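Chemist: Below: one structure in structure tokens.
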């Protein structure tokens, strides 16, 4: 449990996460995640949404957890999982603030998030992690175990419980208002010539 | 007339689908290497290196480069002296997709209707475009088109008064709007001219040209180079983490157009630029 800094300056993140863990993560930090991570993308969020709105229990306890926006490719015989890179986070923007309010501590995907999502990160202590989009083959190596825990009929979009070891990511939006995408453009944009 | 049996088409499409998804084409690997020599951002260089590693791991382990194994877009050049036997051309292409995606452990990402959104389970149907050409060959070019980048593709109808500068500004705005969401470094396919649908079709077709190659039209080649330099000054960089490599190639195709019109379509393609061709 928690966040520690390794000798190579990369932050070791072990789930579940507390508010203090989230506060210690800063935009631009490289992290390695170990522990349980849940997958959910468009269709699974679509099913969670009416439950959240009615205040009913969800099929997973999101408190302290990380939701990874991904739909893996089918698993080859003998492998743990197929290719498993992130999908675009903004498509989940509608649902994220409510999940963060329920105690979800992190979401992981790629691409920019909306202002309401960033505001929820500040208010309820949450963080958005960037995984490298399109690097699904490499990322599959950090997944040690996979189990479908809800909505199996959704196929690739089912909610899966992953056990990961050293899964690499970077902090995009921290709970202090930081945004890696904005910082990146500021640092590297060049004048029009 | 030359007979081509549908079984040859099924087999070719199956192999193209699997091949495209697990073996990134050499033009993209060379583009990553070129970018590594110019990228100033350490995070950007690291992303580029991981993308190279990812391509190698996908190839050796035969798992897809990206879990989004795409919508199959198939451009067919059908020689007018070819006689397809044993069934329908479209059915054969879809059967090839079905077999390729099942046998290759590729993800089924297509829903049967945009409204009820039930997955078809085998990644069919493909989007198929057929051009009838002189000759007796059947050429199949497929692309496994990712959804995240496709979602950032754009179309506009400019006025002739907006002119070339208007076209350039629209294309650069597309890169800015795509930002980190479409998995940069991007490839842009641009169609200028024709009608509404012709411009969009050209923008897809433009993506099939080898990345890093020159446009055979000198004026368009100069335009592409200018746009690429502008796109790479935006600072978005690999994965949007900041850097100099926002795009690896901008490919422009044009077509005559109406005196009132200046259509521009931009297909946004991510670095998982998966395409393969075969000739029967």
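The values are calculated or read from the model by the stated rules, or taken from the named source; none is laboratory data. Everything quoted here is computed from the prediction, not taken from an experiment. Because the Cβ atoms are built from the backbone with ideal geometry, glycine has one as well, and the counts that use them run over all protein chains shown.
Chemist: Hey, among the residues in the range A:180-193 that are surrounded by fewer than 18 Cβ atoms within 10 Å (Cβ to Cβ) and within 24 Å of residue A:24 (Cα to Cα), which one's nearest to the other protein chains (Cβ to nearest Cβ)? Before you say what the answer is, go through the steps one by one.
Modeler: We begin by selecting, within the range A:180-193, every residue surrounded by fewer than 18 Cβ atoms within 10 Å (Cβ to Cβ); these are A:182-183, A:186-187, A:189-193.
After this cut, where a residue has to be within 24 Å of residue A:24 (Cα to Cα) as well, the list is A:182-183, A:186-187.
Numbers: A:182: 9, A:183: 7, A:186: 7, A:187: 5 Å.
So the residue we want is A:187.
Chemist: Which residue is nearest to the chain's Cα centre (by Cα), if the candidates are limited to the range A:50-91 and must be within 14 Å of another protein chain (Cβ to nearest Cβ) and not in a loop (DSSP other than H, G, I, E, B)?
Modeler: A:68
Chemist: Would you mind stating whether residue A:126 is within 14 Å of the chain's Cα centre (by Cα) and farther than 25 Å from residue A:73 by Cβ? Please lay out each step first, then the result.
Modeler: Values: within 14 Å of the chain's Cα centre (by Cα): yes; farther than 25 Å from residue A:73 by Cβ: yes.
Spelling it out, residue A:126 is indeed within 14 Å of the chain's Cα centre (by Cα) and farther than 25 Å from residue A:73 by Cβ.
Chemist: Confirm whether residue B:163 is over 19 Å from residue B:73 (Cα atoms), more than 14 Å from chain A (Cβ to nearest Cβ), in contact with a strand residue (DSSP E or B) (Cβ under 7 Å, 6 or more places away or on another chain) and surrounded by fewer than 16 Cβ atoms within 10 Å (Cβ to Cβ).
Modeler: On the way: over 19 Å from residue B:73 (Cα atoms): yes; more than 14 Å from chain A (Cβ to nearest Cβ): yes; in contact with a strand residue (DSSP E or B) (Cβ under 7 Å, 6 or more places away or on another chain): no; surrounded by fewer than 16 Cβ atoms within 10 Å (Cβ to Cβ): yes.
Judged against the criteria, residue B:163 is not a match.
Chemist: Is it the case that residue B:130 is more than 27 Å from residue A:90 (Cα to Cα) and surrounded by fewer than 24 Cβ atoms within 10 Å (Cβ to Cβ)?
Modeler: Details: more than 27 Å from residue A:90 (Cα to Cα): yes; surrounded by fewer than 24 Cβ atoms within 10 Å (Cβ to Cβ): yes.
For residue B:130, the condition - more than 27 Å from residue A:90 (Cα to Cα) and surrounded by fewer than 24 Cβ atoms within 10 Å (Cβ to Cβ) - is met.
Chemist: Look through B:188, B:202, B:223, B:227 and report the one residue that is away from chain A (no Cβ under 14 Å), crowded, with 20+ Cβ neighbours inside 10 Å and over 16 Å from the mean Cα position of the chain (by Cα). Steps first, answer last, please.
Modeler: Details: B:188 fails: over 16 Å from the mean Cα position of the chain (by Cα); B:202 fails: over 16 Å from the mean Cα position of the chain (by Cα); B:227 fails: away from chain A (no Cβ under 14 Å).
Within the list B:188, B:202, B:223, B:227, the selection yields B:223.
Chemist: Shifting gears a bit: Please verify whether the range A:92-100 includes one or more residues that are within 14 Å of another protein chain (Cβ to nearest Cβ) and within 22 Å of residue A:25 (Cβ to Cβ). Walk me through it before giving the result.
Modeler: Going through the range A:92-100, the residues within 14 Å of another protein chain (Cβ to nearest Cβ) turn out to be A:92-93.
Retained after the next criterion (residues that are within 22 Å of residue A:25 (Cβ to Cβ)): A:92-93.
So far as the range A:92-100 goes, yes, one or more of its residues are within 14 Å of another protein chain (Cβ to nearest Cβ) and within 22 Å of residue A:25 (Cβ to Cβ).
Chemist: Then there's this: Just checking, does the range B:14-28 include any residue being surrounded by fewer than 22 Cβ atoms within 10 Å (Cβ to Cβ) and over 22 Å from the mean Cα position of the chain (by Cα)?
Modeler: No, the range B:14-28 has no match at all.
Chemist: Right, another one. In the range A:121-140, how many residues are farther than 17 Å from residue B:47 by Cβ and either free of Cβ contacts under 8 Å to residues at least 12 places away in the same chain or surrounded by fewer than 23 Cβ atoms within 10 Å (Cβ to Cβ) (or both)?
Modeler: Of the residues in the range A:121-140, 4 are farther than 17 Å from residue B:47 by Cβ and either free of Cβ contacts under 8 Å to residues at least 12 places away in the same chain or surrounded by fewer than 23 Cβ atoms within 10 Å (Cβ to Cβ) (or both).
Chemist: Which strands (runs of 3 or more DSSP E) does the range B:192-280 wholly contain that include 3 or more residues that are more than 21 Å from residue B:159 (Cα to Cα) and at pLDDT 95 or above? It would help to see each step written out before you state the result.
Modeler: On the way: elements: B:247-257, B:262-269, B:274-279.
By residue number, B:247-257, B:274-279.
Chemist: All but one of (1) away from chain A (no Cβ under 13 Å); (2) buried (at least 20 other Cβ atoms within 10 Å of the Cβ) hold for residue B:79, so report the exception by its number.
Modeler: Every condition holds for residue B:79 apart from (2).
Chemist: A further question on this structure: Does the range B:233-247 include one or more residues that are more than 11 Å from every other protein chain (Cβ to nearest Cβ), within 29 Å of residue A:112 (Cα to Cα), in contact with a strand residue (DSSP E or B) (Cβ under 9 Å, 6 or more places away or on another chain) and in contact (Cβ under 8 Å) with a residue 12 or more places away in the chain? First the steps, then the outcome.
Modeler: So the first thing to find is which residues in the range B:233-247 are more than 11 Å from every other protein chain (Cβ to nearest Cβ), and the list is B:247.
Subset that is within 29 Å of residue A:112 (Cα to Cα): B:247.
Still in the running and in contact with a strand residue (DSSP E or B) (Cβ under 9 Å, 6 or more places away or on another chain): B:247.
From what is left, the residues that are in contact (Cβ under 8 Å) with a residue 12 or more places away in the chain are B:247.
Yes, the range B:233-247 contains at least one residue that is more than 11 Å from every other protein chain (Cβ to nearest Cβ), within 29 Å of residue A:112 (Cα to Cα), in contact with a strand residue (DSSP E or B) (Cβ under 9 Å, 6 or more places away or on another chain) and in contact (Cβ under 8 Å) with a residue 12 or more places away in the chain.
Chemist: Hey, another quick one. Restricting attention to the range B:52-66, does a residue exist that is out of contact with any helix residue (DSSP H, G or I) (no Cβ under 8 Å at 6 or more places or on another chain) and either away from chain A (no Cβ under 14 Å) or at pLDDT below 95 (or both)? Quick ask: steps written out before the conclusion?
Modeler: Narrowing the range B:52-66 to residues out of contact with any helix residue (DSSP H, G or I) (no Cβ under 8 Å at 6 or more places or on another chain): B:56, B:60.
Cutting the leftovers down to either away from chain A (no Cβ under 14 Å) or at pLDDT below 95 (or both) gives us none.
No; the residues of the range B:52-66 include none that is out of contact with any helix residue (DSSP H, G or I) (no Cβ under 8 Å at 6 or more places or on another chain) and either away from chain A (no Cβ under 14 Å) or at pLDDT below 95 (or both).
Every residue, every condition in (1) touching a strand residue (DSSP E or B) at 6+ places or on another chain (Cβ under 6 Å); (2) within 13 Å of chain B (Cβ to nearest Cβ), yes or no:
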| position | (1), (2) |
| --- | --- |
| A:112 | no, yes |
| A:117 | no, no |
| A:121 | yes, no |
| A:126 | no, no |
| A:130 | yes, yes |
| A:134 | no, yes |
| A:158 | yes, yes |
